[in-house]
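Asker: Quick one: structure below, then a few questions.
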Amino acid sequence: MKLAITGGKGSVEVADSTFGADFNEALVHQVVTAHRAYTHRGTKAQKTRSQVRGGGTKPWRQKGTGRARAGSIRSPIWVGGGRAFAASPRSHAQKLNRKMYRAAMRSILSELVRQERLLVVDELQCDEPKTRELVGKLDKLGLKDTLIVVDEYDTNTCLAARNLPGVDILDLREVNPLSLVRHPVVLATKAAVKGLEERFS
């Protein structure tokens, strides 16, 4: 069954199985959380008392000094000592099956269509790498905070969008769940929509 997406300056017919799926909020939340976790750089690192340099000698004798017992100057309770529960580099990635990812993307795309947040244009190219030219094109559509999805990058359009706050441009292969849900409007070319249909059908 075919579904017509209209909006923007064009329309395109797509498969109902890709752009007409039910919205699974729990699955979308899981996929978006997993995507954010994957981009989390787990590079935080601290040293334990065994990794801090020095402290091999007992600082003073056990008894008779009137001071508290101490075995090493690298104890966690000493200034300059190691951390008691030191952080170490780790991966924050969560396991996510391909079937779940594809189902979540279909769910997001379908919800964008239902909410009329997915607009289609025949093509979107700038003759010059000028921000004002792209602003003019977006103003005609009444758009500001927008994700632009293209089938392949155009240098002039990318340079024009680079200096616009709230406007992101992504290649078809770079579209991800977080980018789709974080923008109020997604503006896609016909070729990009057909590419999404093939990718997630």
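The values are calculated or read from the model by the stated rules, or taken from the named source; none is laboratory data. A quick note: this is a predicted structure, and the numbers were derived from the prediction, not measured. As a convention, Cβ positions derive from the backbone with ideal geometry for all residues, glycine included, and neighbour counts pool all protein chains shown.
Asker: Residues of the stretch 146-191 being in contact with a Ser or Thr (Cβ under 9 Å, 6 or more places away or on another chain), outside any helix (DSSP H, G or I), in contact (Cβ under 8 Å) with a residue 60 or more places away in the chain and surrounded by fewer than 21 Cβ atoms within 10 Å (Cβ to Cβ), which ones?
Answerer: The one that is in contact with a Ser or Thr (Cβ under 9 Å, 6 or more places away or on another chain), outside any helix (DSSP H, G or I), in contact (Cβ under 8 Å) with a residue 60 or more places away in the chain and surrounded by fewer than 21 Cβ atoms within 10 Å (Cβ to Cβ): PRO184.
Asker: In this structure, does ARG102 turn out to be under 19 Å from the mean Cα position of the chain (by Cα) and assigned to a helix (DSSP H, G or I)?
Answerer: Details: under 19 Å from the mean Cα position of the chain (by Cα): yes; assigned to a helix (DSSP H, G or I): yes.
Answer is yes for this residue.
Asker: May I ask you to verify whether LEU138 is buried (at least 16 other Cβ atoms within 10 Å of the Cβ) and either part of a helix (DSSP H, G or I) or among the aromatic types (Phe, Trp, Tyr) (or both)?
Answerer: Spelling it out, LEU138 is indeed buried (at least 16 other Cβ atoms within 10 Å of the Cβ) and either part of a helix (DSSP H, G or I) or among the aromatic types (Phe, Trp, Tyr) (or both).
Asker: State the number of residues belonging to the stretch 17-31 that are hydrophobic (A, V, I, L, M, F, W, C) and within 21 Å of LYS194 (Cα to Cα).
Answerer: Narrowing the stretch 17-31 to residues hydrophobic (A, V, I, L, M, F, W, C): 19, 21, 23, 26-28, 31.
When the remaining residues are screened for being within 21 Å of LYS194 (Cα to Cα), the result is 19, 21, 23.
Result for the stretch 17-31: 3.
Asker: Of all residues in the stretch 133-178, count the ones that are touching a strand residue (DSSP E or B) at 6+ places or on another chain (Cβ under 6 Å) and of a type in the set (S, T, N, Q).
Answerer: The total comes to 1.
Asker: Of the residues that sit in the stretch 19-42 and are buried (at least 17 other Cβ atoms within 10 Å of the Cβ) and either at pLDDT below 90 or not in a helix (DSSP H, G or I) (or both), which one is farthest from the chain's Cα centre (by Cα)?
Answerer: It comes out as ALA21.
Asker: How many residues, within the stretch 181-201, are closer than 17 Å to VAL31 by Cα and either of a type in the set (Asp, Glu) or touching a strand residue (DSSP E or B) at 6+ places or on another chain (Cβ under 6 Å) (or both)?
Answerer: Result for the stretch 181-201: 1.
Asker: Please find, within the stretch 105-127, the residue that is nearest to LEU159 (Cα to Cα) out of those that are in a loop (DSSP other than H, G, I, E, B) and in contact (Cβ under 8 Å) with a residue 24 or more places away in the chain.
Answerer: Taking the stretch 105-127 as the starting set, the residues that turn out to be in a loop (DSSP other than H, G, I, E, B) are 115-117, 122-127.
Next, only the ones that are in contact (Cβ under 8 Å) with a residue 24 or more places away in the chain stay: 116-117, 122-127.
Values: GLU116: 28, ARG117: 24, ASP122: 20, GLU123: 17, LEU124: 13, GLN125: 11, CYS126: 9, ASP127: 11 Å.
Here the residue is CYS126.
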